[in-house]
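Here the structure comes first, spelled out in structure tokens, and everything after it is commentary.
Read-outs throughout are calculated quantities, based only on the coordinates presented, and are distinct from any laboratory measurement. All of these numbers come straight from a predicted model, not from anything done at the bench. Using ideal geometry, Cβ is built from the backbone for each residue, glycine included, and neighbour counts are taken over all protein chains shown.
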Amino acid sequence: SQDLQHTHHVLHVNSLLPSAVCNSSTQVSALHKKKSSLQVVHKHGPCSQLHQDKAKKTPRNADTLFQDQARVRYIRSRLAKNSAGSSDMKETDAANLLAKDGSVVGSGDYVVTVGLGSPKKQLSLIFDTGSDITWTQCQPCDGYCYDQMETIFDPSKSSTYSNISCDSALCNSLLSATGNSLDCSLSACVYGIQYGDSSSSVGLFSKERLTLTSTDVFDGFAFGCGQNNQGTFSGAAGLLGLGRDNLSLPSQTARKYNKFFSYCLPSSPSLTGFLTFGKDSGKGSSKSVKFTPLSRAAGLQDSSFYGLDITGISVGGRRLSISASVFTTAGAIIDSGTVITRLPPTAYAALRSAFRQRMSQYPMTDSLSILDTCYDFSNYKSVSIPKISIFFRGNVEVKIIPVGTMYSDTVSQVCLAFAANDDDGE
Amino acid sequence: VAIFGNTQQKTLQVVHDGAGRRLGFSAGGC
């Protein structure tokens, strides 16, 4: 049994299921208490204000995974555009998608609450390391505004709001941040961003006071004041862009935080995590952090995504035999908005094979959308699941916890939470 | 491109050091 504990997670089956009650009080950590920290909650979890709207149903897992595919297509299209200077793929993919509800950024995402304007208006924004522009719905909704939980931001009621002119450098930066050229309305800068599933936000690119915490206030923060917003974005007020482009929040606040931020996503929607800006000045908490360099791979180095170099995968303590070229051909990114990790098919096949072999004592069941390795644990109180680690350049091992290994909301269908891309070249 | 998604990031402290062009991971972040 000692050997088993080295190579497997042994756990109660119910611990894999989400709880219906918010339990954030037990999640108080030193980092979370920091002055520059925001609370991170799952959008559909019981700790989220957005969850209080009973009229909006929590999406089924299958819906979430369908939406997650849309997110992946959006990422692919942006990378393809970046490397080839073509938007053909984006248009093709957008046409193939049925969703028009902001699902690309709204599937399994997390939200944080920030203050905008003077006086400060609290807004719940989707936390997104895979995009750059921060935007919120704005009055007047000349085009369309979807329903959101908080009242919609009204710039006419703020003393610190100002437009950005068309001929400014900020306005000219929109092309790289959004993939779309700027537009002009009475010499005011107009932004437009599309997320690939026909959800979009269009409005005035403006400046406003952004209040992250009581001590961290930024005047002149450039953001999208969206007056025509297509989608639902699950009732969130907009999106917080944490990508690498010059218009992202980390870049705009670089003078104070030096583009340094960290976050932790909770193990369950019933718990809270944190998003902290700036280096942790306290002792201890950051010592165990292992760093891997951002990828220098072509197509990733100059993109606004955070590129990583995966070097290997282990299952049950054994490194899988996967050629290094499988990972280097297309590279990898880390994204807070994609739910399920996508691997090159060759790597996924090796992972799946090793995982199934070590899980052969459990009955398999139907696939769940993109997840093809699912088990029926109905007749078990506890199970043992092989430990999975992902290795990144610099010998950084990331051990995946049980709820990161399996995806489920019922014990009768608990699935390996990894999926394959279409081909190794993606 | 492979994507390291948010299910697998749960409870990790993920550190973005943009100026240092590096990413950090620490187990048991929350």
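Give the average, rounded to an integer, of partner chain Cβ atoms located within 10 angstrom of each Cβ in A:298-305.
Per-residue shielding by partner chains comes out at 1.
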| Label-point separation (nm) for residue A:17 and residue A:366, each offset 7 Å from Cα along Cα-to-Cβ? | 1.9 nm
| query | Modelled label-to-label distance, residue A:151 and residue A:399, 7 Å Cα→beta-carbon offset: nm? | reply | 5.0 nm
| request: Return the average number of partner chain Cβ atoms within 10 angstrom of each residue Cβ along peptide A:412-418. | output: 1
| request: Could you let me know the centre-to-centre spacing of segment A:316-373 and segment A:246-270, using Cα atoms, in angstrom? | output: 28 Å
| Built amide H within the under 5 Å cut-off of residue A:338, gap 5+ | B:6
| task | Sort A:359, A:364 so the one with the fewest other Cβ atoms within 10 Å of its own Cβ comes first. | result | A:364, A:359
| field | Candidates A:156, A:37, A:48: whichever shows maximal mean-square fluctuation once chain A is modelled as a Gaussian network with Cα springs under 10 Å | value | A:156
| Difference of contour (0.36 nm per residue) and Cα-Cα distance, residue A:324 to residue A:7 | 111.8 nm
| task | Could you work out the per residue convex hull volume over the alpha carbons of chain A, in cubic angstrom? | result | 148 Å³
| said: Tell me the net charge near residue A:229. Cut-off is 11 Å between Cβ atoms, residue A:229 excluded, with +1 for each Lys or Arg and -1 for each Asp or Glu. | reply: -2
| task | Determine the alpha carbon to alpha carbon distance for each of A:290/A:387; A:207/A:259; A:43/B:10; A:279/B:10 and list only those over 25 Å. | result | none
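Treat the count of other C-beta atoms within 10 Å as a stand-in for reagent exposure and order A:43, A:207, A:121 from fewest to most.
Ascending number of Cβ neighbours within 10 Å: A:207, A:121, A:43.
What's the magnitude of the charge dipole for chain A around its Cα centre, counting Lys and Arg as +1 and Asp and Glu as -1 at the beta-carbon? Answer in Debye, nearest 20.
About 1540 debye.
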| remark: Result row for chain A, helices from DSSP H with C-alpha axial extent 15 Å or more and mean Kyte hydropathy at least 1.0, is none
